[in-house]
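Each remark here refers to the structure printed beneath this line.
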Amino acid sequence: MGLDTVELVYSLERYFGVEIPDAVSEKLYTVGEVATWFSQQLGVTGQRYSAVRADVAAQLLAELPAAATEAMPLREALPDAQALKLYRYALRNRYGLVLPPLAAPPAFSASPSLWEVLTGRQLPKTPYWHTQTLTELIDWTIAANYEKLLVPPLGSYYEVEQAVIGITSYSSGVPVEEIRLESSFVNDLGMD
């Protein structure tokens, strides 16, 4: 385990108030595996409903036209940089919520990795945020604001997932919109 991973484990333990045994931490390779392990320890494995998510969804939808739903693509809800800027300000000023950075797509296609060249397969690409829906934006916003919104003890598996994503983003420097539950700490997030 490298220094990045040790710091992440320490941050997770401190946040959740549960120590991860060394034998267990060595077997947790993905963000989802960590979330599942903490959910089991906290006894919230089967619970998906989150009052926090319902509140954040209502707040995000309140700042959009009445016809907006969670299934609406972000390219329709926030069609240009000015709309995103105004939305960002409204959420911060009214609710104290900070939207994740929502980076622009890369200007050029990255060269295939050595693994892709050797195996002939491609790693899954992180979708550009504009192609996602408001549902994903709600999740990203909760993860980006986990310290404010998700105060332990957490009441659902969903909340544990978002807290783990938020802590991982903070520790790794990878934006929350690029972290998925199947993301590998070493291969996808560059942590050693």
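No value in this document is a laboratory result; all are computed from the given coordinates. Worth saying up front: this structure is predicted, and the values here are computed from it rather than measured. Don't worry about glycine lacking a Cβ; one is built from the backbone with ideal geometry, like all the others, and counts go over all protein chains shown.
Going by the alpha-carbon gyration tensor, a ≥ b ≥ c the square roots of its eigenvalues, is region 131-170 rounded (a/c under 1.5) or, if a/c is not under 1.5, prolate (a/b greater than b/c) versus oblate? Working shown, then result.
Working: a/c = 2.09, a/b = 1.60, b/c = 1.31.
Because a/c hits 1.5 or more and a/b exceeds b/c, region 131-170 counts as prolate.
If packing is taken as the mean number of other Cβ atoms within 10 Å per residue, what is the order of 52-62, 34-44, 71-81, 17-27, highest first? Walk me through the numbers before you get to the answer.
Working: 52-62: 16.9, 34-44: 19.1, 71-81: 14.6, 17-27: 11.7.
My ranking of the peptides, most packed first, is 34-44, 52-62, 71-81, 17-27.
Read phi for every residue in region 18-25 and hand back ³J(HN,Hα) as whole Hz from Karplus 6.51 cos²θ - 1.76 cosθ + 1.60, θ = phi - 60°, with x for Gly and Pro.
Taking θ as phi minus 60°, the curve returns 10, 7, 8, x, 3, 4, 6, 4 Hz for region 18-25.
For the chain, what is the charge dipole size about the Cα centre, in debye to the nearest 20, if Lys and Arg each add +1 at the Cβ and Asp and Glu each add -1 at the Cβ?
Values: 13 positive and 23 negative charges, 120 e Å.
Using only the charged Cβ atoms, the result is roughly 580 debye.
What label, among (1) -0.43, -0.53, -1.23; (2) -0.31, -0.39, -1.23; (3) -0.36, -0.45, -1.17, belongs to log10 I(q)/I(0) by the Debye sum over Cα atoms at q = 0.09, 0.10, 0.17 Å⁻¹ computed from the structure on display?
This structure yields the entry labelled (3).
Mean residue ellipticity at 222 nm from the helices of the chain, using -39,500 (n - 2.57) per DSSP H segment of n ≥ 4 over the full residue count, to the nearest 500 deg cm²/dmol?
-15000 deg cm²/dmol, from helical runs alone.
Please list, in chain and number order, the residues 5+ apart from Ser184 or on another chain whose amide H is under 5 Å from its amide H, with Hs placed from the backbone.
Those lying under 5 Å, H to H, from Ser184 are Leu189.
Between Ala66 and Arg48, what length comes free when the chain is fully extended (0.36 nm per residue of separation minus the Cα-Cα distance, one decimal in nm)?
3.8 nm
Can you find, among Leu91, Phe185, Pro101, the residue farthest towards the positive end of the dipole of the chain? Put +1 on the C-beta of Lys and Arg, -1 on that of Asp and Glu.
The Cα lying farthest towards the positive end belongs to Leu91.
Quick query: amide H of Thr133 versus all other amide H atoms, modeled in the peptide plane; which residues come in under 5 Å with a sequence gap of 5 or more or a different chain?
Under 5 Å from the amide H of Thr133: Leu74.
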